1. Against the conditions (1) in a helix (DSSP H, G or I); (2) of a type outside the set (Gly, Ala, Ser); (3) surrounded by fewer than 23 Cβ atoms within 10 Å (Cβ to Cβ), where does His140 fall short? Just the number, please.
2. Taking region 106-121 on its own, how many of its residues are more than 15 Å from Ala136 (Cα to Cα) and at pLDDT 90 or above?
3. Within region 214-246, which residues are exposed (fewer than 13 other Cβ atoms within 10 Å of the Cβ) and among the basic types (Lys, Arg)?
4. Only one residue in Glu145, Glu188 is loosely packed, with under 15 Cβ neighbours inside 10 Å, at negative phi and among the charged types (D, E, K, R), so which one is that?
Amino acid sequence: MVLTLSLISTVIVSLISLIGIFTLFINERLLGKILFGLIGFSAGSLIGGAFLHILPEVLEHTQANRTFSYVIAGMVIFFIMEKYFYWRHCHEGKCDVHAFTYLNIIGDGVHNFIDGMLITASFSVSAGLGLVTTTAVILHEIPQELGDFGVLVYGGFSRKKALFFNFISALAAIIGALVSYFIIGAVEGFSNFLLPLTAGGFIYIASSDLIPEIHKEGNFRRSILAFGSFILGLAVMALARVFIPG
């Protein structure tokens, strides 16, 4: 049952990589507004998922000192991944445009692989935690995959080629789910290591990438809307804590 739910979830996550096709039909201004709202909602859902679901579940089985050490390790790992794999650090012509395009594909693949591992680890604890984790991943993946699609097009890929490579890197989530499933079966307590590690990743992404994007907005009305979407993301995770059984 764990494997089935994990594979279904990671297939859905992988299909989100094809969302770039909607850029062909949506007005650029409208797309920008949708993405801006999603960024706040995604930040709230990631923080809520980490603090209201993943960490409380792990702390029931693991010592706090060990758990939060893994959280810190997760933040460091995601910092390194972002620093050395992602295109956003190639500024002012300091790196080759085609090089960072392929680095972005690799980085996105690694990120998706970890997402797949996290989803399986969550389902191994409970169906409720797996569902919440998958939801948080999906909400983060929507703006991220649109961004990755834009990076590939900017790097010289055709839209069709960009969609293809984005989808291929997204399939790493399925591989991650399978790898995680077999490791969990072979290594006792692996979930209690992986879950706080990736909770640290959730916290890092929300606090260092998404929330700063909201702060860049100078328009007061849009800032209020972004804050509202952030609170809504937190509220959804809080309600999930109440209504989705563990």
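The values are calculated or read from the model by the stated rules, or taken from the named source; none is laboratory data. Predicted model only: the values in this text are computed from it and were never measured. Backbone-built Cβ (ideal geometry, glycine too); neighbour counts: all protein chains shown.
1. (3)
2. Narrowing region 106-121 to residues more than 15 Å from Ala136 (Cα to Cα): 106-110, 113.
This time we only want the ones that are at pLDDT 90 or above, so: 113.
Adding up the residues that qualify gives 1.
3. Lys216, Arg221, listed by residue number.
4. Matching residue, one of Glu145, Glu188: Glu188.
To keep it simple, each residue is scored yes or no on (1) surrounded by fewer than 16 Cβ atoms within 10 Å (Cβ to Cβ); (2) among the small types (Gly, Ala, Ser); (3) over 25 Å from Ala43 (Cα atoms).
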site	(1), (2), (3)
Asp115	no, no, no
Phe123	no, no, no
Gly128	no, yes, no
Phe164	yes, no, yes
Ile168	yes, no, yes
Ala206	no, yes, no
Pro212	yes, no, no
